[in-house]
Amino acid sequence: MIFKLILFAIIGVVVYRFLGGKIPLINKERKENSSSDDFTKVAPTAQCEICGTYMTEDDAIIYHKKSYCSNECLEKAQKDR
């Protein structure tokens, strides 16, 4: 009886290692839930130094470590210097 239990445990460990240490059914559930989480994530934002408008960091114009929303605000900042 104990021999069978040890044999099943060894087979289980070998199969687990063969699958890369991942159980396919558990990972499938996590992938389904992660797609719905994409809508709840918020992109990092920055505030324009001139007009105060908020925009995503991808859309911001970075100049001398400061964020600007448009070329107009960037030109105003350069004129003020």
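Structure data summary
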quantity	calculated
Residues of the stretch 9-58 classified as part of a loop (DSSP other than H, G, I, E, B) and either under 30 Å from residue 69 (Cβ atoms) or modelled with pLDDT of 85 or more (or both), total	15
In the stretch 41-63, residue farthest from residue 81 (Cα to Cα) [restricted to those that are more than 24 Å from the chain's Cα centre (by Cα) and surrounded by 11 or more Cβ atoms within 10 Å (Cβ to Cβ)]	53
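The values are calculated or read from the model by the stated rules, or taken from the named source; none is laboratory data. Computed from a predicted structure; not experimentally measured. So basically every Cβ, Gly included, is an ideal-geometry build from the backbone, and we count neighbours across all protein chains shown.
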